[in-house]
Amino acid sequence: MDSAGREVVLITGCSQGGIGHALAREFAANDCRVVATSRSKSTMRDLDQDPRFYLQELDVSSAESVERVVSDVVGKYGKVDILVNNAGVQCVGPLAEIPLSAVQSTFDTNVFGTMRMVQAVTPHMASRRKGKIVNLGSVSVMGPTAWAGTYTASKAAIHALTDTLRLELKPLGIDVINVVPGAIRSNIGNSATANYNKMPEWQLYKPFEAAIRQRAYLSQSLKSTPAEKFAKDTVAAILRKDPPAWFSSGRYSTIMAILHHLPLRIKDAIINRISPINSSTT
């Protein structure tokens with residue numbers, strides 16, 4: 001049991017170099033007990049000797065893995081105060097040709113993985129009538145670009161689910177927060193490229209190959225917000241006594257919020273300047 005009274009934070013997707021890793025470090029800096037998870041402990045080895053962290057291997061696409069980890073954390077600490085659903089995968093490719101197996105895999109991690117975690121922790125939080133569930137969406141939902149439709153659709157689902165969960169869990173004493181990152185410097189570009197390299201050769205979109213591949217790195221410019229800065233601002237918002245229902249931070253977050261409300265013709269023109277559909281226009 002957790003005798004120190006510190007808040008216990010369970011975070012998915014904490015591999016080094018990612019947003020989850022930065023969030024884990026920032027929660028620890030705010031005197032929280034952090035359960036940092038990823039599919040392999042080796043991706044979090046820099047946290048291994050730090051007593052502020054409890055490392056667990058977790059695959060959010062496996063119901064058995066989710067139940068095992070949540071039960072272990074509740075057994076060890078007696079509670080989960082904050083769940084941060086950060087684990088996610090990028091998926092780049094034209095919707096007309098992308099293998100449906102890749103679409104299903106993306107949704108299984110990004111959407112169903114989040115729901116597995118929510119359903120696993122909610123009974124424990126409800127029994128104490130206290131808790132916070134944080135789901136990570138994406139500003140791409142506000143202005144979808146070409147080639148990232150699968151990822152954007154999965155995050156749009158997260159936005160909708162989070163809005164509903166906020167209403168449904170409030171009577172149980174649970175706050176639900178939609179965290180919407182902008183362009184944050186992380187390892188997502190590398191992981192997106194690794195996934196893209198497994199894609200088949202395009203037929204209809206072969207002339208767009210360079211532009212499609214470039215989309216994997218759209219958020220990773222030198223002007224992208226450092227993950228540490230994003231984590232500091234985000235954790236401060238989450239730890240408030242009355243946290244916001246929606247929190248967005250990072251490069252492009254403001255412009256994407258504005259784009260969301262523009263007429264589609266104008267929105268499409270602006271987005272195509274940010275992320276040209278054909279690499280020959282870059």
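The values are calculated or read from the model by the stated rules, or taken from the named source; none is laboratory data. Here the structure is a predicted model, which is why all the values come from computation and not from measurement. Using ideal geometry, Cβ is built from the backbone for each residue, glycine included, and neighbour counts are taken over all protein chains shown.
Of all residues in segment 19-43, how many are among the hydroxyl-bearing types (Ser, Thr, Tyr) and either surrounded by 15 or more Cβ atoms within 10 Å (Cβ to Cβ) or touching a Gly at 6+ places or on another chain (Cβ under 6 Å) (or both)? Let's see the steps before the verdict.
First, the residues of segment 19-43 that are among the hydroxyl-bearing types (Ser, Thr, Tyr): 37-38, 40, 42-43.
So of that shortlist, the ones also either surrounded by 15 or more Cβ atoms within 10 Å (Cβ to Cβ) or touching a Gly at 6+ places or on another chain (Cβ under 6 Å) (or both) come out as 37-38, 43.
Within segment 19-43, residues that are among the hydroxyl-bearing types (Ser, Thr, Tyr) and either surrounded by 15 or more Cβ atoms within 10 Å (Cβ to Cβ) or touching a Gly at 6+ places or on another chain (Cβ under 6 Å) (or both) number 3.
Based on what the data block shows, is residue 129 at pLDDT 95 or above and at positive phi?
Values: at pLDDT 95 or above: yes; at positive phi: yes.
It is true that residue 129 is at pLDDT 95 or above and at positive phi.
Any residue that is within 27 Å of residue 163 (Cβ to Cβ) and touching a residue at least 60 places away in the same chain (Cβ under 8 Å) - is there at least one of those in segment 101-108? Don't jump to the end; show me each part of the working.
Here is the first cut: in segment 101-108, the ones within 27 Å of residue 163 (Cβ to Cβ) are 102-108.
Among the residues that remain, those that are also touching a residue at least 60 places away in the same chain (Cβ under 8 Å) are: 102.
The answer is yes; a qualifying residue exists.
Taking segment 184-211 as the search range and keeping residues that are exposed (fewer than 13 other Cβ atoms within 10 Å of the Cβ) and not in a helix (DSSP H, G or I), which one is modelled with the lowest pLDDT?
Within segment 184-211, the match that is modelled with the lowest pLDDT is 197.
Looking only at residues in segment 215-224 that are at pLDDT 65 or above and surrounded by fewer than 16 Cβ atoms within 10 Å (Cβ to Cβ), which one is farthest from residue 99 (Cα to Cα)?
223
Within segment 89-103, track down each residue that is surrounded by 12 or more Cβ atoms within 10 Å (Cβ to Cβ) and either more than 30 Å from residue 132 (Cβ to Cβ) or modelled with pLDDT of 95 or more (or both). It would help to see each step written out before you state the result.
First, pick out the residues of segment 89-103 that are surrounded by 12 or more Cβ atoms within 10 Å (Cβ to Cβ): 89-95, 97-99, 102-103.
If the condition is that a residue be surrounded by 12 or more Cβ atoms within 10 Å (Cβ to Cβ) and either more than 30 Å from residue 132 (Cβ to Cβ) or modelled with pLDDT of 95 or more (or both), then 92, 93, 94, 95, 97, 98, 99, 102, 103 are the ones that fit.
Being outside any helix (DSSP H, G or I), β-branched (Val, Ile, Thr) and closer than 19 Å to residue 114 by Cα is the filter here; which residues of segment 130-154 pass it? Give the steps one after another, and end with the answer.
Here is the first cut: in segment 130-154, the ones outside any helix (DSSP H, G or I) are 130-138, 142-148.
Narrowing the set further to residues that are β-branched (Val, Ile, Thr) leaves 133-134, 145.
Selection gives 133, 134.
For residue 155, indicate whether it is at pLDDT 95 or above, of a type in the set (Lys, Arg) and over 28 Å from residue 187 (Cβ atoms). Talk me through it step by step, then tell me what you get.
Details: at pLDDT 95 or above: yes; of a type in the set (Lys, Arg): yes; over 28 Å from residue 187 (Cβ atoms): no.
It is false that residue 155 is at pLDDT 95 or above, of a type in the set (Lys, Arg) and over 28 Å from residue 187 (Cβ atoms).
Would you pick out the residues in segment 11-57 that are part of a strand (DSSP E or B) and closer than 18 Å to residue 76 by Cα? Full working, then the answer.
Our first condition is that a residue be part of a strand (DSSP E or B); within segment 11-57, this holds for 11, 33-38, 53-57.
Of everything in segment 11-57, those that are part of a strand (DSSP E or B) and closer than 18 Å to residue 76 by Cα turn out to be 11, 33, 34, 35, 36, 37, 53, 54, 55, 56, 57.
Taking interchain pairs and intrachain pairs at least six residues apart, which have beta carbon atoms under 8 angstrom, with the first residue in segment 144-155 and in contact (Cβ under 8 Å) with a residue 24 or more places away in the chain and the second among the basic types (Lys, Arg)?
Partner pairs satisfying both residue conditions: 145/215; 146/215; 147/215; 148/215.
Could you tell me whether residue 68 is touching a helix residue (DSSP H, G or I) at 6+ places or on another chain (Cβ under 9 Å) and outside any loop (DSSP other than H, G, I, E, B)? Show your work before the answer.
Values: touching a helix residue (DSSP H, G or I) at 6+ places or on another chain (Cβ under 9 Å): no; outside any loop (DSSP other than H, G, I, E, B): yes.
In short, no.
Which residue is modelled with the lowest pLDDT, if the candidates are limited to segment 44-62 and must be surrounded by fewer than 19 Cβ atoms within 10 Å (Cβ to Cβ), of a type outside the set (Lys, Arg) and out of contact with any helix residue (DSSP H, G or I) (no Cβ under 6 Å at 6 or more places or on another chain)?
49
So which residues in segment 163-183 are within 22 Å of residue 139 (Cβ to Cβ) and assigned to a loop (DSSP other than H, G, I, E, B), if there are any at all?
Residue satisfying the conditions is 182 alone.
Return the pair list, or none, for Cβ contacts closer than 6 Å from residues in segment 32-44 that are within 18 Å of residue 113 (Cβ to Cβ) to residues that are of a type in the set (Phe, Trp, Tyr), at least 6 apart or on different chains.
Correct list of pairs: 35/54; 36/53.
Let me spell it out: the conditions are (1) β-branched (Val, Ile, Thr); (2) surrounded by fewer than 21 Cβ atoms within 10 Å (Cβ to Cβ); (3) farther than 30 Å from residue 263 by Cα, and residue 145 meets all of them except one. Which number is the exception?
Going through (1) β-branched (Val, Ile, Thr); (2) surrounded by fewer than 21 Cβ atoms within 10 Å (Cβ to Cβ); (3) farther than 30 Å from residue 263 by Cα one by one, residue 145 breaks only (3).
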